[in-house]
């Protein structure tokens, strides 16, 4: 912290001086923890976080302009849910696009422990801003989200701190590719708010969501989580900071358990949606369950 004080005295006033102090403070906190990605990209993460809050702020205006009939008849609480869903949908489309682009990247696939791409790291830093925003939304409305989602969000935020620190970058692919299923999940919620639970579009979207959830989260993600756990158990972690390798192995197991719990809920919903029609209210008690 003495270094931080020195920077404060040398950096002068104004925004540049403040940023210099913050930059030194972030380095002082996170570099000893081997989380150098936070130190390198905290400005990108902060800008991404701010952008998501600003997007959420202007979403009512955009919704009233683009879908006035649907948005206008929603209650205040449902408008809040709609705004969060649209913001989340836009980001899950972004996540899905860049993760799919790196799905077969030779550098990351060739070295699952130490493979590194600076461009990929920057994209992950942008994604981190969203996940911090998502966690903040969960904390602000904890009664609607619950403990499982809080655990899920917290694990994800710390996981991206590791992934942006030039370690285990490959595992961003199996752990973020599930955002593809979240695209359909958010569309499902928006269709619910729009009162379209009996439409063919709603049923087709739900079927796609269920297939993506099973194929990616219960299949692809669990497969790579298993292999990572085996490699960590055998000590095959290369140059990765070993506690982080252990963390990611535990993270993979935890996500698999959560996904299996959510799968039971999804299959129950599938019975009503695909075989017996809508299950009633047309709205979930929480905005983004199973995301």
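The values are calculated or read from the model by the stated rules, or taken from the named source; none is laboratory data. No experiment lies behind these values; they were computed from the predicted model shown. All Cβ positions, glycine included, derive from the backbone under ideal geometry; neighbour counts span all protein chains shown.
Of note:
Yes/no matrix, rows are residues, columns are (1) surrounded by 13 or more Cβ atoms within 10 Å (Cβ to Cβ); (2) over 25 Å from residue 30 (Cα atoms); (3) not assigned by TED's automatic domain parsing to the domain that holds residue 203:
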position: 230; (1), (2), (3): no, yes, no
position: 239; (1), (2), (3): no, no, no
position: 242; (1), (2), (3): no, no, no
position: 247; (1), (2), (3): yes, no, no
position: 252; (1), (2), (3): yes, no, no
position: 257; (1), (2), (3): no, yes, no
position: 263; (1), (2), (3): yes, yes, no
position: 266; (1), (2), (3): yes, yes, no
position: 271; (1), (2), (3): no, yes, no
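- Residue match in segment 76-90 (condition: assigned to a helix (DSSP H, G or I), over 25 Å from the mean Cα position of the chain (by Cα) and surrounded by fewer than 17 Cβ atoms within 10 Å (Cβ to Cβ)): yes
- So residue 182, is it within 21 Å of residue 81 (Cβ to Cβ), in contact (Cβ under 8 Å) with a residue 40 or more places away in the chain and not in a helix (DSSP H, G or I): no
- Scope segment 136-173; condition without any contact (Cβ under 8 Å) to a residue 24 or more places away in the chain and crowded, with 19+ Cβ neighbours inside 10 Å; matching residues: 138, 153
- Of 103, 124, 150, 93, all but one fail to be touching a helix residue (DSSP H, G or I) at 6+ places or on another chain (Cβ under 7 Å), assigned by TED's automatic domain parsing to the domain that holds residue 253, outside any helix (DSSP H, G or I) and closer than 24 Å to residue 213 by Cβ; the exception is 103.
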